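Heads up, the thing below is written out as structure tokens.
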Amino acid sequence: MGKPTRLSLTEAISLIKDGDMLTFSGFTIWRRPMAAIYEMIRQGKKNLHLVEVNGGTHDDMLVGAGCVNIWESCWVGHELYGKIGGNFSRKLQSGEVICEDYSHVHMLYRLAAGSMGLPYLPTYASMGTDMLNPEYDHLGKLGLRDGSNPKIPKKKYEIVEDPFYDSQLLHIPAANPDWCIACVQTVGDEGTVRVEGQVYSDEEAIKAADQVIILAEQVVTEEYVRREPTRNLIAPHQINYIVELPWASYPTGSFGFYEPDGAFIKNFYEKTRTQEGMDVWLNEWVFGVKDFDEFLTKVGVLQLEKLRANPVFGYSTKVKRGSR
């Protein structure tokens, strides 16, 4: 496999097809590929199948825009800026989105199994709980586990006898998404990925996916990232496409580069509790701008500079924290 292809954001997102299965980098409001989310909505992607360890602002936005058909995860929300995903909740209640609920560790195991080329991983997690109630196997009840879609396992889980210690185990099926879209701080020009701060489940998500799009705050020489190999997370041969795009996680944060914009996320949460509100928000912030650069211009340089991390401390010294 050669070097990853350098593309614009528009070109990279155009490769994603309606119905594809996607997973993402980050955790709730950190390092989510928000620029890619806006572009998917702008390009009118439909029937996407999201599989991720946990949800956040990114998938609540995709769901609200009508881009998602199936969502498999454990939770969606905006942390202290909005405890639940209002769009997801609304679409779930109306039957517009199919939700397959797993526990947090189940989802991690699904991607971990996929990253190792295994069909499943064993665990004791959630044994004896209602999480394993067959009534909640929505894909199965809809007849979607018939083997016609190779990305959907034929069973949600399997309880088996442990052959070694006379107990029971839960087998959780692997997930191998068509795409992982990952926001990272630094990537070498040949594709070596470096993530600063917490890496979350990025390694598993990237390695489990068939193809990977990296949105990088900065592209540097490969010689530079290889000076400290222990700081690097992913090797070049596992990356397909690179998009150099500063602020690509906004309004979620990128450790060492900028903070989450809590006010922006809170406004999104409050303004999109109805579909009418969501449509107004999209018309202003997605369809009302031609691309991500124009979106950032609309946000404003003063607001972005307020969020920018001080390079000495690694976080913004201009963001008010708490009430004291």
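One table, with the values for the structure above:
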read-out	value
Qualifying residues in the range 218-235 (those that are over 14 Å from Glu203 (Cα atoms) and touching a Ser or Thr at 6+ places or on another chain (Cβ under 9 Å)) - the one surrounded by the fewest Cβ atoms within 10 Å (Cβ to Cβ)	Pro229
Residue match in the range 261-282 (condition: more than 21 Å from the chain's Cα centre (by Cα) and of a type in the set (S, T, N, Q))	yes
Lone unmet requirement of (1) over 16 Å from the mean Cα position of the chain (by Cα); (2) surrounded by 16 or more Cβ atoms within 10 Å (Cβ to Cβ) for Leu80	(2)
Enumerated helices (runs of 4 or more DSSP H) restricted to the range 48-128, each holding at least 2 residues that are within 16 Å of Lys271 (Cα to Cα)	57-64, 86-94
Where a residue in the range 15-29 is touching a residue at least 40 places away in the same chain (Cβ under 8 Å) and at negative phi and its partner, wherever it lies, is in a loop (DSSP other than H, G, I, E, B) and among the hydroxyl-bearing types (Ser, Thr, Tyr), with Cβ under 8 Å and at least six apart	Ser25/Tyr200; Phe27/Tyr200; Phe27/Ser201; Ile29/Thr252
Which listed residue is surrounded by 13 or more Cβ atoms within 10 Å (Cβ to Cβ) and outside the structural domain of Gly82 (by TED's automatic domain parsing), from Val301, Val280	Val280
Hits in the range 149-176 - residues which are hydrophobic (A, V, I, L, M, F, W, C) and in a loop (DSSP other than H, G, I, E, B)	Ile152, Phe164, Ala174, Ala175
Qualifying residue in the range 92-106 (condition: at positive phi, buried (at least 20 other Cβ atoms within 10 Å of the Cβ), within 17 Å of the chain's Cα centre (by Cα) and at pLDDT 95 or above)	no
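Quick grid of which residues meet (1) out of contact with any Asp or Glu (no Cβ under 9 Å at 6 or more places or on another chain); (2) among the charged types (D, E, K, R):
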| site | (1), (2) |
| --- | --- |
| Gly66 | no, no |
| Leu92 | yes, no |
| Val97 | yes, no |
| Pro122 | no, no |
| Thr129 | yes, no |
| Gly147 | yes, no |
| Lys154 | no, yes |
| Asp162 | yes, yes |
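The values are calculated or read from the model by the stated rules, or taken from the named source; none is laboratory data. Note that the structure is a prediction, hence the values are computed from the model and not measured. Every residue, glycine among them, receives a Cβ derived from its backbone with ideal geometry; neighbour counts consider all protein chains shown.
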